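A short worksheet on the structure shown next.
We did not get these values from a lab; they are worked out from the coordinates using the rules stated. Bear in mind that the values here come from a model prediction, so they are computed numbers and not experimental data. Note that each Cβ is placed from the backbone with ideal geometry, even for glycine, and that neighbours are counted across all protein chains shown.
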Amino acid sequence: MNSRYSQEPQHPPYYLLTGLILGLLFGFGVSFLFFPVRYTNVPPETLQNVDKDQYRLMIASAYQANNDIGRAQARLGILREENVSGLLLQQAQRSERRSDAQLLLKLSQALEKVPEMAETGPPIAQASITLSQSQTNTPLAGGEMATDQPVRTATMEATRIVATRTPFPSPSSVSSLNIPFRLVEQKTICNPAYTDTLIQVEVVDKKEKPISNVRIFVNWDGGQDIFYTGFFPEISIGYADFSMNPQETYSLRVGEIGEVIQNISAPECQDGAGKNYWGSISLLFAEP
Amino acid sequence: MVAESYQSNSSTVLAAYQLAYLGDDEPLRYVQQAIIDAEQLNFSAADIDILANLAGAFQGAQATITPPVATVTP
């Protein structure tokens, strides 16, 4: 009785699959061709290697103009690279233009002459280490950032180098120590372009205006460090960051009496290929 | 950095090329924004002067490129 129906072949709903594929193709087309993601205000360390080369070349070009090695070092420090002098030398060797190579070589050689600053990591971390060392009468090693502390003029070396580091806003006084900063926003940052796992902190006042030179205390099991806002004006004068060890759990406080944020650890992220990597944490603190 | 380089080479073409890395806007706009930021961040007067020099150079370049407005008389 139902033979007419039973003889009809049963086709899977291919039209659904076709629609899905067409939809995906259309979505990729729109997102990649017509409205691609544009990153703005990202830190220089996240640039691609080609753009980092261009950034270094600009630094070398500016150094050629002003011979300000402190300023050049501060700019190179933002790239958060080790062996900066060696990288400049390598870039000089692969430069297509002789004039570019000469600029890079000159800067590399100038950095070699001040080895205590050539191995720049995050300048803020160095500043905090210098403070604690100088208080225990240990010689100032790499104390180039020390002029925002009373101990800064202890050695000729510190005074000489600081005089040339001018691109950052001048931290005249730590006026925000007695503000009970409160955490108003916490975000997980999953950006595979980041080379470091960071605690990114931004501090703003009541009017949401960024505040520079705010001291931030970070503690972990068996260690502590201090860093300051204001050393990355390209991002925000209220911005500071700290490189995390993904295996550690941190607590953090902004100012002397700010809210203590416990259990900060690196979040686990996944890239487009399903590969896991460590992300960063962004914390926004505000004056209540 | 671009403004500092411009001080020594006086090439607005090179400066415009370097500023093009920042985006598609007119180079002059980036320099003007840099001056505003520098003032907010209390950069030294010398640094702001350097930026102003570059801004002035771009303004001069624009003035020479802008064609004169034709007046049509009936």
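The aspartates and glutamates whose alpha-carbon is closer than 15 Å to the alpha-carbon of A:Lys52, local same-chain residues fewer than 8 away aside, are A:Glu81, A:Glu82, A:Asp100. Please label the shape of region A:47-118 as rounded, prolate or oblate, based on the square roots a ≥ b ≥ c of the eigenvalues of the alpha-carbon gyration tensor (a/c under 1.5 means rounded; beyond that, a/b larger than b/c means prolate, else oblate). Rounded is the answer for region A:47-118, as its axis ratio a/c remains below 1.5. Taking label positions 7 Å along the Cα-Cβ direction at both A:Asn41 and B:Tyr17, the computed distance is 3.1 nm, reported to one decimal.
Please list, in order, the residues from region A:257-286 whose amide nitrogen is less than 13 Å from a point placed 7 Å along the Cα→Cβ vector of A:Asn178. A:257, by backbone N distance to the label point. Look at the stretch B:10-22: the mean tally of other chain Cβ atoms within 10 Å of its residues' Cβ atoms is 1. Each label point was placed 7 Å from the Cα along the Cα-to-Cβ direction; for A:Val260 and B:Ala45 their separation is 4.8 nm.
Taking the charge dipole of region A:187-272 about its Cα centre, with +1 at Lys and Arg Cβ atoms and -1 at Asp and Glu Cβ atoms, the residue from A:Ser236, A:Ile211, A:Pro192 reaching farthest to the positive side is A:Ile211. From the alpha carbon centroid of region A:222-261 to that of region B:11-36 is 33 Å.
Fewest neighbouring Cβ atoms within 10 Å first, the residues A:Arg94, B:Arg29, A:Arg71 line up as A:Arg94, B:Arg29, A:Arg71.
Estimate the FRET efficiency between A:His11 and A:Lys113 by the formula 1/(1 + (r/R0)^6), using the beta-carbon distance for r and 56 Å for R0, to the nearest 0.05. Calculated transfer efficiency: 0.15. Placing unit charges on the Cβ atoms only, positive for Lys and Arg and negative for Asp and Glu, gives region A:182-286 a dipole magnitude near 280 debye about its Cα centre. Neighbour counts of other Cβ atoms within 10 Å put A:Lys52, A:Lys207 in the fewest-to-most order A:Lys207, A:Lys52. For region B:2-65, the square roots of the Cα gyration tensor eigenvalues, ordered a ≥ b ≥ c, give a/c of at least 1.5 with a/b greater than b/c, which places it in the prolate category.
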